[in-house]
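The values are calculated or read from the model by the stated rules, or taken from the named source; none is laboratory data. Just so we're clear, the structure is a prediction, and the values are computed from it rather than from any experiment. Here the Cβ positions follow ideal geometry from the backbone for every residue, glycine too, while neighbour counts run over all protein chains shown. Just the protein is used for accessible areas: all its heavy atoms, side chains included, with ligands, DNA and RNA removed. Shrake-Rupley method; radii C 1.70, N 1.55, O 1.52, S 1.80 Å.
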Amino acid sequence: MSNIDQEMLKIYTSKSQADKAIGSLKGLLLGIQADEEVNEKEIIELRKWVSKHKQLVNRNPFNEFMTIIEETISNKIPPKETIEDLFWLCQKYESDSYYYNAVTTDLQILQGICHGILADGIITDKEIYDLQKWLDENEHLNTYYPYDEIRSLVLSVLSDNKINEEEKVVLMAFFKQFVQIQDDEVSQKIQDTTIDVNIFGLCTSEPEVIFEGKTFCITGVLQRGNRENLHKDIIKFGGIPTDSITKKTDYLIVGDNGNPAWAFSCYGRKVEKAINLRKEGHTIMLIHEFDFSDLIDDLL
């Protein structure tokens, strides 16, 4: 590759990295202000976030971000005002960005929101309800990781219209899978709080399934019927049943294993492979067998 090509690649890669960072920062700011309070730990986490992205600080608007944060800390500017100023800068940057991709950016915002919620090591009821509102407003992300898993978990937590401490710990354990807290004290607090909670894969709540030409795989022991009959139903509606998970798999039907923790997690080799593929950007949807059976019944 020529020196000119390398320089062009560096320019485009840097711009793409900046876009990604802006998306996650915008979500981080939304998460921090979700409970309408901004505390010192959240500002510290914000400062460390910028420090982590210091390779971009010399680019606009990152030099402005650093200046605003430093002024907040040194001149005692109200933290809430700081968050609002930074969010305004993010929006300004996005409106000028020709790399802007709605889905990618919205997913980055979602991860940033979860980061902001975890920034002080505490999850409040209001933060959860605000997250639910954002999820409801962005249902176009329903087939993408981690949106559908987060939404499934939040719907489960709020199903009885109340939130207990155990459910907050479960949310914390799930968020920490893709959120890297920069403050060591807060990070250790989260680790200690969630040490006994294992969250792996979540089935999509209220799944929307397209059968025609789509590939379906089944895992686990089915409580309703058997695999042979389910395969016949899938074929009847134009789907393609397979025995293994690949990058071409569209849906993984997960058999109910009777585990009391089912509302929060499902397990197994195929689930693990599906989750790993989803993290790479493949849109494989995990569906609980009961939800899938209900869909079949509605079509028969």
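To the nearest 10 square angstrom, how much accessible area does Lys247 have with a 1.4 angstrom probe?
Using a 1.4 Å probe on the heavy atoms, I get roughly 140 Å².
Dividing the alpha-carbon Rg of the range 149-227 by 2.2 N^0.38 Å yields what?
The reported ratio for this selection is 1.45.
Which peptide among 290-298, 41-49, 205-213 comes first, and what is the full order, when sorted by highest mean count of other Cβ atoms within 10 Å?
Ranking the peptides 290-298, 41-49, 205-213 by packing returns 41-49, 290-298, 205-213.
May I ask which of Lys52/Lys176; Lys247/Lys279; Lys236/Lys279; Lys20/Lys270 have a Cα-Cα span longer than 21 Å here?
Exceeds cut-off: Lys236/Lys279; Lys20/Lys270.
Taking the Cα centre of the range 100-140 as origin, sum charge times position over the Cβ atoms of Lys and Arg (+1) and Asp and Glu (-1), and report the length of that vector in debye to the nearest 20.
100 debye
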